1. For the condition closer than 19 Å to residue 285 by Cα and in contact with a Leu (Cβ under 9 Å, 6 or more places away or on another chain), what is the one hit in 152, 182?
2. Residues being open to solvent by less than 30 Å² (accessible area, probe 1.4 Å) and either in contact with a Cys (Cβ under 7 Å, 6 or more places away or on another chain) or assigned to a loop (DSSP other than H, G, I, E, B) (or both): count how many of those fall in region 154-164.
3. Across region 31-53, which residue is modelled with the lowest pLDDT among those that are of a type in the set (D, E, K, R) and surrounded by 14 or more Cβ atoms within 10 Å (Cβ to Cβ)?
4. Can you tell me which residue within region 233-253, out of those that are in a loop (DSSP other than H, G, I, E, B) and modelled with pLDDT of 95 or more, is farthest from the chain's Cα centre (by Cα)?
5. Would you check if there is a residue in region 194-203 being touching a His at 6+ places or on another chain (Cβ under 8 Å) and outside any loop (DSSP other than H, G, I, E, B)?
6. Test residue 296 against the stated conditions and say whether it is without any contact (Cβ under 8 Å) to a residue 24 or more places away in the chain and either over 19 Å from the mean Cα position of the chain (by Cα) or open to solvent by 10 Å² or more (accessible area, probe 1.4 Å) (or both).
7. I'd like to check something: does region 83-92 contain any residue that is outside any strand (DSSP E or B) and free of Cβ contacts under 8 Å to residues at least 60 places away in the same chain?
8. Somewhere in region 317-330, is a residue surrounded by fewer than 16 Cβ atoms within 10 Å (Cβ to Cβ) and modelled with pLDDT of 95 or more?
Amino acid sequence: MPDKVIDTPALAEKFAAYAEAHMPGVSNLRVIAMNRIHGGASRETFSVDIAYEDATGPKTKGLILRRDPPDSLIDTERRIEFAAIRSAYGKAGIPAPEALFLEIDEGPLGAPFFVMGRIEGGTPLNPFRIEDVEPHRADVGREFFRYLGAIASLDIEGTAISEEIDTPSPDQCWKRELDYWAGEIRSNTREPQPVAEAAIRYLSANPPPPAQKLSLVHGDFRTGNFLHDGEGHINAILDWEMAHIGDPYEDLAWATDLLWCGNDQERAAGFIPWPEAIGIWQEASGCKFDPAAFEWWSLFAHLKGLGIWTSSARAYADAKNDDPILAWSGWFTHAAHELMLASRLAPKHGVDL
């Protein structure tokens, strides 16, 4: 539980009025704590504690407020993120938060936002310090791949997210994602991107097999985007802002991208041996592992990273967002993914780096 501090009193007052109006049967609602959670750059995130009364007496509740910033590391639609959380909440044992309410009008809090229940008792894991989870690394890894597969296993028909966005055909998932991220790179770059352009050409000319199934794709499932309890269990999966419907291999490739593995290439995502990880994912997802599909999507994951880091650098350079994580991403992680792409593309063109 965060300290009982309100570091944004004006926002807290507006939020209390909004929340009471949108929680039926609630009265005398007040914010007793509101703390900004720093670290992410796609939403302004606040941990909020409220106290109120209902028909059964006094209550308290922990919430998470996610408000749009002026510009962000990832340009996403909060309506889709809200729908993705609603689609996963309470399904297949996935520890997604409860989606409570969504507001697309800027009036109440100065920007669109949504609110979800806060999952208590967990801490994030730094993707560059995976060893901090020891001695529970393997236990966390098994849950990591089980939940990754569980998300892919969900039936998307009739879900909240299927009502918000189009569902691609199985043979077009790759093209939609490639076109989108190629567009992000080309529209946001401030300098030539020869490695990215080479990757775009290669991926376009060598498409993957059609998706075995269409699934809810989290879009950013990785170390750093879940909470663990310190005892080997994952108790919350966070940051659904890149969610969409597509090929589950996209999530598998991003989750195991070398950037998130803590410099441990022998273990999938830096957690457990690759055969064990893939076996858990197959069983939970219902998909059969296809090396050709994984090869394409893992190359794409590097390119997707370049799209994120290029857009973050542009937002920072244009003074639309002064969060230093955007500048760092535009430099360090961009360079890392560019090197990964170059080193993997070179042998495909008969070059030995």
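The values are calculated or read from the model by the stated rules, or taken from the named source; none is laboratory data. These numbers come from a predicted model, not from an experiment. Using ideal geometry, Cβ is built from the backbone for each residue, glycine included, and neighbour counts are taken over all protein chains shown. Quick note on the areas: whole protein, heavy atoms, side chains included, nothing else; ligands and nucleic acids left out. Shrake-Rupley method; radii C 1.70, N 1.55, O 1.52, S 1.80 Å.
1. Exactly one residue qualifies, and that residue is 152.
2. Selection size over region 154-164: 4.
3. The residue in question is 43.
4. Checked region 233-253; the qualifying residue farthest from the chain's Cα centre (by Cα) is 233.
5. yes
6. Criteria not met by residue 296.
7. Yes: region 83-92 contains one or more residues that are outside any strand (DSSP E or B) and free of Cβ contacts under 8 Å to residues at least 60 places away in the same chain.
8. no
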